[in-house]
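Take a look at the structure set out below.
The values are calculated or read from the model by the stated rules, or taken from the named source; none is laboratory data. Everything numeric in this text was worked out from a predicted model, so none of it was measured. Counting neighbours? That spans all protein chains shown, and the Cβs are built from the backbone with ideal geometry, glycine included.
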Amino acid sequence: MKGIAATVSAILASAAFRAAAAVPAMDVEDNGRYVVIERGRTTAVFNKAVGALERLYLDGSQVFGDPYYRPGLGGSIVGGIRLACLAPSTNDVIRYDVVCGRFGDFKYGTNTVKTAVRLTGPDGFDYVCLADYRFEDDGSVTFSGIASPLSFGTKMLDMPIIGLEMRLKPGYEIRTEGEGWVQFTDKIGRGVRIHAGGIRRIGDAMFIPVAHLSGFTVRLEAPKR
């Protein structure tokens with residue numbers, strides 16, 4: 001019996017080792033302006049100037065649209081996830097000025113990237129967002145954190161809706177959806193499945209509202225076929 005038990009233990013240990021070895025470690029390249037994360041077939045590019053996930057590739061497919069310049073809104077607009085404010089009276093997305101690094105710069109763990117971003121607006125509203133990006137073993141990316149107001153300013157009756165904004169690659173449309181998730185793909189199945197509540201389209205962007213002082217979690221994964 002001891003021989004059989006030892007053999008089984010060896011097989012299980014070997015299987016666990018192979019499973020662990022099959023998941024590559026997270027590779028980080030930080031040049032001071034951009035951070036490139038690679039793990040398996042997942043690649044992410046963070047723009048440190050705005051503290052946002054600018055590009056993401058899941059299973060080799062591009063998720064977000066390319067960054068672009070829009071006059072009058074503070075310059076470059078990234079395609080990926082960033083903190084934004086939605087004006088409740090007009091449904092327009094307000095892009096506040098970003099102060100990245102005031103509460104600590106990017107920090108890296110075994111499979112995580114921690115960010116701290118402060119957003120200030122001319123109307124007196126002031127927010128800080130502390131967030132973790134976790135690069136999972138299955139290739140998905142989990143984005144979680146908390147958005148906290150530092151100052152509500154003087155316009156309490158017109159307090160904006162805080163949330164997360166992202167622009168998907170052109171051609172991605174809602175193909176399937178379920179409870180708590182929406183799948184955006186092109187005609188040949190490339191795209192992303194987003195696990196989050198309350199996703200809505202605002203112009204050319206997707207917007208996910210986030211409650212003040214409450215934690216949020218968004219998971220991005222390759223689409224299920």
Checklist entry - Do the conditions hold for GLY198, that is, is it small (Gly, Ala, Ser), surrounded by fewer than 17 Cβ atoms within 10 Å (Cβ to Cβ) and either outside any loop (DSSP other than H, G, I, E, B) or out of contact with any Lys or Arg (no Cβ under 8 Å at 6 or more places or on another chain) (or both)? => result yes
Checklist entry - Do you know which of the residues in region 112-128 that are crowded, with 16+ Cβ neighbours inside 10 Å and within 27 Å of PRO223 (Cβ to Cβ) is modelled with the lowest pLDDT? => result THR115
Checklist entry - (1) within 20 Å of VAL210 (Cβ to Cβ); (2) of a type in the set (Lys, Arg); (3) at pLDDT 85 or above; (4) out of contact with any strand residue (DSSP E or B) (no Cβ under 6 Å at 6 or more places or on another chain): which one isn't true of LYS155, the others all being true? => result (3)
Checklist entry - Could you say which residue among VAL63, VAL36, VAL78 is at pLDDT 75 or above and surrounded by 15 or more Cβ atoms within 10 Å (Cβ to Cβ)? => result VAL63
Checklist entry - Restricting attention to region 81-111, which residues are in contact with a Lys or Arg (Cβ under 8 Å, 6 or more places away or on another chain), modelled with pLDDT of 70 or more and within 15 Å of GLY145 (Cβ to Cβ)? => result ALA84, PHE106, LYS107
